[in-house]
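Undergrad: Before anything else, here's the structure in question.
The values are calculated or read from the model by the stated rules, or taken from the named source; none is laboratory data. Just so it is clear, the model here is predicted, and its values are computed rather than measured. Here the Cβ positions follow ideal geometry from the backbone for every residue, glycine too, while neighbour counts run over all protein chains shown. Side chains are part of the model used for accessible areas, which takes the heavy atoms of the whole protein and leaves out ligands, DNA and RNA. Shrake-Rupley method; radii C 1.70, N 1.55, O 1.52, S 1.80 Å.
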Amino acid sequence: MSETPDPTPRSVELTRTATGRYTARNAAGAEIEFGREEGLLTPVELLLAAIAGCSAIDVDVATSRSSEPSEFRVAATGRKVVEQNGANRMDDLHLSFRLSFPDDAGGRKAAGMVERLVALSHDKYCTVSRTVEHGVPVGHDVTVGVDGEADGEAGGAAEGAADGAR
């Protein structure tokens, strides 16, 4: 199977605004606040929203060409699992689509497309759910400073210790 990577990188930058409260911002300037405070989505809820939203867009864009939905809801659910070693992950991820269209030719056409579009989104087009199912590793790097120190002073010792542990 041949793969063609899209050369356009995707990214968001996260900024802490208070303890347990963060803002994610994309390159276009769109923002979403999240965290562990009252009234905010948690990171796990954002993951569920991303999975639901990705498939919802696939279905919505195609069906809306025929008819505007009178109802369009997607519920994303999952179960948090704590493994024996204490590691957390999600399991039993599931999407439930609830759509309704007007009782006219366009609405019936749109309604007749939904099951196929949901399957295509799952099997081919939804980058988010396909990435989760594929199981892509998440890498990381760390730069830590201490206010008032010269650049690289604090991070250098930690980097050297990490190099020695390899």
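Undergrad: I need the calculated FRET efficiency for the pair Val146 and Asn85, taking r as the beta carbon distance and R₀ as 30 Å, to the nearest 0.05. Present the calculation step by step, with values, prior to reporting the outcome.
TA: Numbers: r = 32 Å, r/R0 = 1.07.
Efficiency for this residue pair is about 0.40.
Undergrad: Under a GNM of the chain (C-alpha, springs under 10 Å), which listed residue has the highest mean-square fluctuation: Val138, Val74, Val61?
TA: Per the Cα network of the chain with a 10 Å cutoff, Val138 tops the list.
Undergrad: What list of ³J(HN,Hα) couplings, whole Hz, do you get for the range 2-16 from phi and the Karplus terms 6.51, -1.76, 1.60, once you set θ to phi - 60° and write x for glycine and proline?
TA: Karplus-based 3J(HN,Hα) across the range 2-16 equals 8, 10, 10, x, 6, x, 7, x, 10, 7, 9, 10, 9, 10, 6 Hz.
Undergrad: Roughly what angle does helix 153-165 make with the longest principal axis of the chain, taking Cα atoms, 0 to 90 degrees, to the nearest 10?
TA: Tilt of helix 153-165: around 80 degrees.
Undergrad: Counting heavy atoms of the protein chains only and a 1.4 Å probe, report the per residue accessible area for the chain as a whole number of Å².
TA: 76
Undergrad: I'd like the accessible area for Ser11: 1.4 Å probe, protein heavy atoms, all chains in place, Å² to the nearest 10.
TA: Rounded to the nearest 10, that gives 80 Å².
Undergrad: 222 nm [θ] for the chain, helices only, -39500 (n - 2.57) per DSSP H run of 4+, per residue, to 500?
TA: Mean residue ellipticity, 222 nm, calculated: -11500 deg cm²/dmol.
Undergrad: Here's another thing I want to ask about it. Along the charge dipole of the range 1-119, Cβ charges K/R +1 and D/E -1, which of Leu99, Gly20, Gly112 sits furthest on the positive end?
TA: With unit charges placed on the Cβ atoms, the residue in question is Gly20.
Undergrad: May I pose another question? Would you mind working out the magnitude of the charge dipole of the chain relative to its Cα centre, with +1 at each Lys and Arg C-beta and -1 at each Asp and Glu C-beta, to the nearest 20 Debye? Kindly include the intermediate steps, with their values, before the conclusion.
TA: Numbers: 17 positive and 27 negative charges, 153 e Å.
So the dipole magnitude of the chain works out to roughly 740 debye.
Undergrad: Compare Ala62, Ala110, Ala28 in a GNM of the chain, Cα atoms joined below 10 Å, and give the one with the largest fluctuation.
TA: Judging by the Gaussian network model, the answer is Ala28.
Undergrad: Kindly state, to the nearest 0.05, the FRET efficiency for Arg25 paired with Ala105, given R0 = 30 Å and r defined as their beta-carbon distance.
TA: The formula returns an efficiency of 0.10 here.
Undergrad: Percent relative contact order of the chain, based on C-alpha pairs within less than 8 angstrom and at least six residues apart?
TA: Value for the chain: 15 percent.
Undergrad: GNM on the chain, C-alpha springs below 10 Å: top fluctuator among Asp123, Asp58, Asp103?
TA: Asp103
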